[in-house]
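A short write-up of the structure that comes next.
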């Protein structure tokens with residue numbers, strides 16, 4: 001079995017929205033490797049606490065950390081230190097037995113005013129995880145996410161297990177494909193209590209920043225330190241490449257699924 005942890009960057013509102021992008025990232029871990037992955041993350045976090053003024057129990061919420069917002073501002077970390085913490089988090093993640101899939105909804109490209117942003121992003125993600133694990137010995141998977149999204153995600157995954165149309169790569173038509181390996185409804189977990197959700201948050205932020213730059217739809221926040229630029233984002237994604245499911249979208253250098261696929 002695999003445990004799949006979700007987090008997002010941006011809001012899922014549409015057609016009225018606060019952010020032009022919505023990125024949903026999944027980090028999935030074989031259940032048999034969970035303890036080894038967890039211990040490695042915990043030990044790495046303790047080492048970072050020694051190297052920086054960063055409390056061990058304080059979660060890594062990437063956007064707020066890099067922008068020096070609460071609760072990180074009182075730590076008085078420099079911009080270079082904050083980016084180094086994120087860089088190290090990427091280096092640690094790349095060494096673990098983990099896989100990741102991210103989907104990004106580019107809202108200005110969407111023509112349908114009733115477009116269900118979270119539902120569509122999650123549908124694409126679950127379908128690709130199902131495909132990735134098909135044929136594996138431990139191919140069952142369970143979804144874990146922040147409490148605020150559980151109800152919407154439950155509605156989507158229940159529907160997918162009954163009706164799930166997948167676009168054909170051959171002619172653009174859709175065909176029915178059952179989701180057979182997902183078990184239970186999505187379960188809630190506070191990100192403060194999960195290194196894996198914090199990793200999903202890291203990926204979601206990086207893909208948001210990368211997509212904003214590549215599409216020209218948005219820019220990094222004004223309060224960004226000089227060290228937080230597109231080169232840094234690309235560097236982090238390159239570090240994370242070993243855990244990225246690049247087959248999720250062969251046309252994207254990091255496997256990101258863009259929704260819709262064209263403007």
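The values are calculated or read from the model by the stated rules, or taken from the named source; none is laboratory data. Predicted model only: the values in this text are computed from it and were never measured. Using ideal geometry, Cβ is built from the backbone for each residue, glycine included, and neighbour counts are taken over all protein chains shown.
One line per residue, one yes/no per condition, for (1) crowded, with 16+ Cβ neighbours inside 10 Å; (2) touching a strand residue (DSSP E or B) at 6+ places or on another chain (Cβ under 9 Å); (3) in a loop (DSSP other than H, G, I, E, B):
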| site | (1), (2), (3) |
| --- | --- |
| 17 | yes, no, yes |
| 40 | yes, no, no |
| 46 | no, no, no |
| 58 | no, no, yes |
| 120 | yes, yes, no |
Worksheet item: Looking only at the range 208-245, which residues are part of a helix (DSSP H, G or I) and under 25 Å from residue 110 (Cβ atoms)?
Response: 208, 209, 210, 211, 212, 213, 214, 215, 230, 233, 237
Worksheet, complete the sentence: Given the conditions (1) at pLDDT 90 or above; (2) closer than 21 Å to residue 208 by Cα; (3) in contact with a strand residue (DSSP E or B) (Cβ under 8 Å, 6 or more places away or on another chain); (4) assigned to a helix (DSSP H, G or I), every one holds for residue 149 apart from (1)
Worksheet, complete the sentence: Picking from 142, 133, 98, the residue that is crowded, with 20+ Cβ neighbours inside 10 Å, under 19 Å from residue 3 (Cβ atoms) and over 15 Å from the mean Cα position of the chain (by Cα) would be 133
Worksheet item: Any residue in the range 64-78 that is within 14 Å of residue 200 (Cα to Cα) and either in contact with a helix residue (DSSP H, G or I) (Cβ under 9 Å, 6 or more places away or on another chain) or not in a helix (DSSP H, G or I) (or both)?
Response: no
Practice prompt. Confirm whether residue 253 is surrounded by fewer than 20 Cβ atoms within 10 Å (Cβ to Cβ), within 19 Å of the chain's Cα centre (by Cα) and either assigned to a loop (DSSP other than H, G, I, E, B) or modelled with pLDDT of 95 or more (or both).
Written response: yes
Worksheet item: So, of the residues in the range 60-77 that are loosely packed, with under 13 Cβ neighbours inside 10 Å and in contact (Cβ under 8 Å) with a residue 12 or more places away in the chain, which turns out to be nearest to residue 139 (Cα to Cα)?
Response: 71
